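Written out below as structure tokens is the structure these notes cover.
The values are calculated or read from the model by the stated rules, or taken from the named source; none is laboratory data. Just so it is clear, the model here is predicted, and its values are computed rather than measured. As a convention, Cβ positions derive from the backbone with ideal geometry for all residues, glycine included, and neighbour counts pool all protein chains shown. We work out accessible area using only protein heavy atoms, side chains counted, and drop any ligands, DNA or RNA first. Shrake-Rupley method; radii C 1.70, N 1.55, O 1.52, S 1.80 Å.
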Amino acid sequence: IRRIEPDGTTTTLAGSGQGDLDGKGKGAKLRYPSGIALFGGLLYVADRDNDKIRTVTTDGLVNTLAGSQQGDLDGAALSAKFWEPWGIAVAVDGSVYVSEVKNHQVRKVTQKQPCDDGDPCTKDTCDPTAGTCSHSKIPGC
């Protein structure tokens, strides 16, 4: 994955050669990254031939968000199976939508908000840009 600055300077943000490895910068390995979307300071990548959805931070840290191996299985993020994810988009609520070539479908990956305190009686608000969270009690809960 390359970054092109406004002045035209081009640098490798993440990845070096084919493979399947989370990591930082050129230490990460991807296979046919085909779709990207930017949201909340993260780059979301459809890693087609690894059948995974990855996130990339602005400093090049690559992590697997969802997907385990080729297939068609809904479930927890790292247990879900994709078959050649291609297109990707992120909604304002952070839900990730993925189109798959071989499964002929669009899938939704719902992310647990990093600010979720686990209390069903609080409304959790996250500002990913500032890196802050707030938790307000839900009246009557």
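Beyond 26 Å in Cα-Cα separation lie the following of the pairs K52/K137; K29/K108; K81/K123; K81/K137; K26/K52: K52/K137; K81/K123; K81/K137.
Accessible surface calculations at 1.4 Å, restricted to protein heavy atoms, place the chain at 58 Å² per residue.
Please state the relative contact order of the chain as a whole percent: Cα pairs under 8 Å, 6+ residues apart? Display every interim value, and only then the final one.
Details: 336 pairs, mean separation 18.6, N = 141.
Once normalised by length, the contact order is 13 percent.
For the peptides 79-91, 63-75, the ranking by packing is 79-91, 63-75, with the highest mean count of neighbouring Cβ atoms within 10 Å listed first. For Y97, the solvent-accessible surface with a 1.4 Å probe is about 90 Å², rounded to the nearest 10.
Would you compute the Debye intensity of the stretch 5-82 from its alpha-carbon atoms alone, equal scatterers and no solvent, and pass along log10 I(q)/I(0) at q = 0.14, 0.21 Å⁻¹ to two decimals? With one equal scatterer per Cα and no solvent, log10 I(q)/I(0) is -0.44, -0.91. Sequentially through the stretch 135-141, phi angles give Karplus couplings (6.51, -1.76, 1.60; θ = phi - 60°) of 10, 10, 5, 7, x, x, 8 Hz, Gly and Pro residues having no value and appearing as x. Whenever you get a sec, compute what percent of the accessible area on the chain sits on carbon and sulfur atoms (1.4 Å probe). Summing carbon and sulfur atoms, their accessible area is 54 percent of the total for the chain. The alpha carbons of the chain give a radius of gyration and a Dmax of 16.5, 55 Å, in that order.
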